[in-house]
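A quick write-up on the structure given underneath.
Since every read-out is calculated from the coordinates, none of them should be taken as a lab result. These figures come from a predicted structure and were not determined experimentally. All Cβ positions, glycine included, derive from the backbone under ideal geometry; neighbour counts span all protein chains shown.
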Amino acid sequence: MEPQKSVPPVLPRMIDNKQLPYFKYHPNPIETGAFTISTPITCDCCKQQTSVYYTNPFYSANDVEFLCPWCIAGGQAAEKFNGEFQDYCGIEGISASPEQPDSIHFERQAIDELVLRTPGYRGWQQEVWLSHCGDLCAFVGYVGWDEIKDKLEFFVDLDRDCEALHAGKEDLPKYLRNNGSCQGYLFQCLHCGKYRLYFDCD
């Protein structure tokens, strides 16, 4: 059995008589909880009423409460509020020190799409975005051991992902719990379809 080659978005989906934008690196943001659907509110960016709005981290010096998916996808939100949806230094392979070169080179447009036009996810600690095949991965969702135990053959190298976080794969059945103190974050390569895992603790 081959792994699925991409994360299928739940499309088309109409909200407020408009189709929800497609996010390459976060294809199903409603399912992951990045967006909430509720009674209409006003988007802080476009000042239009929207019944779907962003609820995950947005790094900006401005006081921003509500953002609609269309302002995120178009880049207007990041531009207007000089903000980012993913910490640049939280991208795997990007060096936090100007004196240390990046260990992975990504196309500039890929970085911009992730940081400026893609809804992020919410971690216990600083969120990290994984990569594979020379590109950023897509965020699939929040997982525990129960959600990944039947997918182990489809991971790039689960042992290596665990070792990078100073843990062993044998620890996962005991500690990794969805919505638990040790939370897993599942990513999928957009090119080979294989999975990668990141996790952190409260």
Principal axis box of segment 52-106, alpha-carbon based, largest edge first, Å: 39, 21, 18
Please work out the C-alpha center-to-center distance from segment 105-136 to segment 175-202 and express it in whole Å. 14 Å
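Given 10 °C and 1.306 mPa s, how large is the Stokes-Einstein diffusion coefficient of segment 104-202 in µm²/s, with Rh as the Kirkwood radius over Cα pairs?
Values: Rh = 13.9 Å.
Reported coefficient: 114 µm²/s.
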Principal axis lengths of segment 80-131 from Cα atoms, whole Å, largest first? 29, 27, 20
Provide the packing ranking of 143-153, 186-196, i.e. peptides ordered by the mean count of other C-beta atoms within 10 Å per residue, highest first. 186-196, 143-153
Shape descriptors of segment 26-134 over alpha-carbon atoms, Rg and Dmax in angstrom, are 14.6, 48
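What pairs from Lys24/Lys80; Lys24/Lys47; Lys149/Lys194; Lys47/Lys80; Lys174/Lys194; Lys18/Lys47 go past 19 Å between their alpha carbons?
On the way: Lys24/Lys80 22 Å; Lys24/Lys47 25 Å; Lys149/Lys194 14 Å; Lys47/Lys80 12 Å; Lys174/Lys194 24 Å; Lys18/Lys47 16 Å.
Going by Cα-Cα distance, Lys24/Lys80; Lys24/Lys47; Lys174/Lys194 fall outside the 19 Å limit.
Note down the magnitude of the dipole of segment 7-82 about its Cα centre, charges +1 on Lys and Arg C-beta and -1 on Asp and Glu C-beta and zero elsewhere, to the nearest 20 debye. Intermediate results must be reported in sequence, preceding the final value.
Values: 5 positive and 6 negative charges, 48 e Å.
Using only the charged Cβ atoms, the result is roughly 240 debye.
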Of Ile94, Pro29, Leu197, farthest towards positive along the dipole that unit charges on Lys, Arg, Asp, Glu beta carbons give the chain: Pro29
Long-range share for the chain, i.e. C-alpha pairs more than 27 Å apart as a percent of all pairs, stands at 31 percent
Karplus-derived HN-Hα couplings along segment 165-182 (A = 6.51, B = -1.76, C = 1.60, θ = phi - 60°), whole Hz, x at Gly and Pro: 9, 6, 9, x, 4, 5, 7, 4, x, 7, 10, 6, 9, 5, 6, x, 5, 10
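Which ordering of Trp129, Trp70, Trp124 is given by a fewest-first count of other beta-carbon atoms within 10 Å? Intermediate values should be presented prior to the final figure.
Values: Trp129 26, Trp70 21, Trp124 14.
Fewest to most other Cβ atoms nearby, the residues stand as Trp124, Trp70, Trp129.
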